[in-house]
Structures are given as C-alpha cells and as structure tokens.
Amino acid sequence: MIAQKTKYIFVTGGVTSSLGKGIISSSLAKLLQARGLSVTILKLDPYINVDPGTLNPYEHGECYVTVDGAETDLDLGHYERFLNVSTSQANNVTTGQVYQSVINKERKGDYLGKTVQIIPHITDEIKRRIKYLGSKGKYDVLITEIGGTVGDIESLPYIESVRQLKWELDDRVLVVHLTLVPYLSAAGELKTKPTQHSVKMLLEEGVQPDVLVLRSEKDLGRDIRRKVALFCNVHERAVIQSKDVSTIYEVPLKMYKEKLDEIVLDKLNLTNIQKPELEQWKEFVNKVKQPARTVRIGLIGKYVELKDSYKSISEAFVHAGASNNCKVELEFIHSENLEEDGWENKLTGLKGLLVAPGFGHRGIEGKINAVKFARENDIAFFGICLGMQCAVIEFARNVLGLKDANSIEMDSKTPYPVIDIMEEQKDITNMGGTMRLGLYNCTIEKNSKMAKAYGELNVKERHRHRYEYNNEYQSAFAESGMIATGINPDSNLVEAMEITKHKWFVGVQFHPEYQSTVVRPHPLFVNFVQASLK
Ligand code: GLN
C-alpha cells in the first residue's frame, strides 16, 4: 500500500548512547514492511563532519557506502540488512550538510538580507530534508532516527524540528523515545528515574513522546510500566520493553510480541493493515540461535579494538553462517600483532582468514603475513579492498620474487608498484567524498571461484578506494597462478583476483559486505564460509 500521505515516525534516545536506536528503528520498519507497508529510514547525525567518510573508524565505527556512492553512518547498513531495500545519500543527513547548504544559500543571497538563524533557517533545512524523502510518493512511513542523546547541545535543532513537524503535520507524526531502565543489583531493583528525567528533558524541548521503548536487562513488571506511563504521559500499552537478546535479528520478533507495530499503526490511524508475514525471518533467527556447528574465522584488521569498525563484515558472516547452518566465530586479530615473533601461533586453528579493508601503512606487513600463511597452508582466504591489495603484494614478493613490491599508498618509491593510484585520483587533494565510490559493474571470468559463487557473470558491487591493481603485471601474475577473475568492463580496472590452485583464495577490490542482507546473504561470504568448513 502507498498511502496518500506519508506518516512520519521519529526515534529519539535518552539516558545514554548505544541503546540501539538503529536496531529499534530497523525492527519497527521491518514489522511495518512485513505488514505490506512501504517504509524507509532516515538517519540524522548531529556532528559537523559533512559525512563520516573522513572519520577514523574508532570514532563511530565503519563508514557504510550506499549504491549511489554516499559515505554514511553504519546504521544505514542495519536498515538495508533488515529491509533488503537500498538506501541512498538522502537517507543520511549530518549537521555538516545542513549548515553547508544554509551557508551556501546565504552566500548566494537567497535569504534576501535576513539574519540567518538556527530557527527558522537551520530547522527549515532539516525539515526540508526530512520531508524530501517523505514527499517522494514512495513511502507509507518514513522513520527518522535522531542520532545522539536527548539533552545534547548538538541534537537540539533536530528535536526542535520534530516539535515543529508535530505541530504542522499533527496526527501524521509519532515520536518513539528509547531509554534505559537500569537494574541496581545492590537494591535488587529496576530504576525508572533516568527514564522519567529523560522524558522531562524531551518535554522541556517541546516534544511529548507517544511511545516509550525501555531497554533493560530484566523483565519489566506491570508496576514499572504503569509507573512510567503515569509519570511520562503515555498509555500503559505504549510502554514497551526491549530486553537484551542474543542476536539483533531477534528484536523485530520481540517488538512484535510487545505489539509495538500495532500501537504505532493505531496512533497513526493506519487501519486495515494485514498481519505481518514473519515466517522467513523466524526461520533465519532460529538458524542463528541454534547453529548445527561452528567455524572459526580470523578477521585481520587494524581497528579491531572497536568491533563496530567492521560491522557490515561481521553481519555478513551472520547471514552466511545461517545459510551454511553454522555459526561463524569471528576472531578479531590486530594486524600489528602479526608483525611480532611467533605471529604464526595467532593464526593456528583458524579455518579461514579474512584480511579487512583499510587505509595507511600501519599494520600492513602483518596483513601480508596473514595472506602468506593462508596461501602456503591452503587455508580459505578472503581479501576485501585493502585485503585484496595485500594479497597482490604478497604474491608479487613471495611468488614472483619482486622484492619490495608494494602499493604506492604504502611506499611511493617501491620498485614494483603492483598496486598503483587510479588515474583519476592523481590530481585530487580534497579527502572528503573523492574516492571511487558506489556501484560499478564487474564482469566475471567463466570457470572461476567468483563465477561459481555468484552463479552469474555480470554483477554490480560497491566501492570505496583510491588505489587499484596495476594491470601491467597481469601476465606475470597469471603465469604463476594468480588471475584476475573480475574486471570492470568500462574502465578495465581489476575487481577480483584469485589463486586457481588453492582451496578458496579470492581478493576483491569492492566491498561485498555492504550488500549482504538477511534475505540475500552475499554469495562470496556464503562460499567463503563453505570453503572454511571443508
Ligand atoms: N587504501 C586502499 C585504497 O584506497 C584500500 C581502501 C579500502 O580498503 N577501502 O585503495
């Protein structure tokens, strides 16, 4: 169904960050989608960076890339994995983008001499971007997740925009507020005060939440719900509990049990909506929770202290694991630790090795060591972006005997630049949004591991890089058994390299992890896990 007028749901968070607004938004979206509604999610990020492309992953986790080449917040990855629908640049707005547009308009003279202010000019720009997605006629419901925590200075203009939209659009707007109900073991009690305070803060900013989702470790009894309802002016049935679960994919099922979707539909006057179709989802969750076996795979990267740095890769392994009826136990290994004596010991017992994407020279030799280990010991190997580049460097040095072969990114004076800067990147000096980004075609070589995995010879995958395989070396590599099995038909850039005489050794220049979803696990991950199980 496409309603005549899009309904707007806002998801705010209180008490603390990391409560899982992204998962609650995705889960609610999933339930509405499963009821036949067309839904998308927008993320508003209160930082001043124009996009997270220039951010170190340690700041906010991985940078997610959309089909249209936008560098975005990792929550968009959750939206796509849950909904199996592509997002775009329009699904992620940052304070940096908002200010940039307003300042550009001011410079052009568009404000006709007026003083440019947060209200109304910044809030108008925020509202314009929210309504832009809603006005496309494509969505029954637009869920907008507001980053940060209520009470932060940074998020004030966003909350103010919600206040204004609630006033303007009236019953087409609904606010879901997510908070924490901590359990104090000394008192043996669940505490609602932080929730009360956080709702008060939202009220001070002019917004009355319609639904409260309370995150907690323990079950909330009827009394707690009644108390929260009374103090926060919400109906008792609109106080929803979100108890910790072992997999994020279970959250939609829990929210369904709590009737979150039903309450939302009622409040938005969406009537005659079918019951959600969740059988396939339940089957997937069962597989995740009750795997028939496990397989240990090493993920080698340099941002491993923060697991969110590799969010899409970890999730792709959950999807691929389920489709292989197994659980992938991912072991995060810091690439610098593979540069010390005895590094081989850190890889023993692992059935597959994945060398992760990344930038800069730190830890690069450790990654190259990991490739060598996988190649020489016939261990399933998967290299993604920088991971593929490391595989190429390792092969050049240790098989072709090209001493000191390297990527121009790591050593601009290498005698053998097997990975070179892309032609169109040579004159670029700005860092933001300038890489080769987004979806590109890839033509696959027949009878390759790539072809076997995909089951087709023309695919499209997402990219984020400045360097590429140096085609001058193709014949030397091929003669020694490492061949290019994926090529971009338009630019001739190599998109995939594999070693023929190896159980499973594939490196890809693109990022397959961004396209793996619950209903469409990525074929390369599925095949890599399968090979690791053998
Ligand atoms: N640093 C490499 C490049 O820019 C790889 C990038 C990546 O792994 N995303 O080409």
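The values are calculated or read from the model by the stated rules, or taken from the named source; none is laboratory data. In this text the structure is predicted, and so the values were computed from the model without any measurement. Positions of Cβ are backbone-derived with ideal geometry, glycine not excepted, and every protein chain shown enters the neighbour counts. The accessibility values were calculated without ligands, DNA or RNA, using every heavy atom of the protein model including side chains. Shrake-Rupley method; radii C 1.70, N 1.55, O 1.52, S 1.80 Å.
Some notes on this structure:
- Taking amide H as placed 1.01 Å from N in the peptide plane, Glu62 has its amide H under 5 Å from the amide H of Ser309, Tyr310, Lys311, each at least 5 places away in sequence or on another chain.
- In this simple spin-label approximation, Asn430 and Tyr111 carry label points 7 Å from Cα along the Cα→Cβ vector, and these lie 2.2 nm apart.
- Acute angle (nearest 10 degrees) that the helix 279-289 long axis makes with the longest principal axis of the chain, alpha-carbon atoms: 60 degrees
- Column: log10 I(q)/I(0), Debye, Cα scatterers of the chain, q = 0.07, 0.08 Å⁻¹: -0.43, -0.56
- Here each label is just a point 7 Å from Cα along the line to Cβ, and for Glu283 and Ala229 those points are 3.8 nm apart.
- Rounded to 0.05, the FRET efficiency of the Lys257 and Asp171 pair, given R0 = 25 Å and the Cβ-Cβ distance, is 0.45.
- Residue-normalised accessible area of the chain, given per residue in Å² at a 1.4 Å probe: 43 Å²
- Here the accessible area of the chain is 48 percent carbon and sulfur, with a 1.4 angstrom probe and all protein chains present.
- Averaged over residues, the count of other Cβ atoms within 10 Å places the peptides 473-480, 180-187 in the sequence 473-480, 180-187, highest first.
- Set of lysines with alpha-carbon distance to Lys193 below 21 Å, sequence-local pairs under 8 removed: Lys21, Lys218, Lys227, Lys243
- Restricting the calculation to Cα atoms, the stretch 217-347 yields a radius of gyration followed by a Dmax of 20.8, 66 Å.
- Highest mean packing first, where packing is the average number of other Cβ atoms within 10 Å per residue, the peptides 522-533, 332-343 line up as 522-533, 332-343.
- Helix 95-108 axis, angle to the chain major axis (alpha carbon atoms, nearest 10°): 80 degrees
- Computed over the alpha carbons of the stretch 389-503, Rg followed by Dmax gives 14.6, 42 Å.
- Solvent exposure ordering (accessible area, 1.4 Å, most first) of Lys200, Lys289, Lys367, Lys403: Lys403, Lys200, Lys289, Lys367
- Pairs of Lys residues in the stretch 434-534, spaced 8 or more positions apart or belonging to different chains, with C-alpha separations under 22 angstrom: 13 in total.
- Cα long-axis angle, helix 364-376 against the chain (0 to 90 degrees, to the nearest 10): 60 degrees
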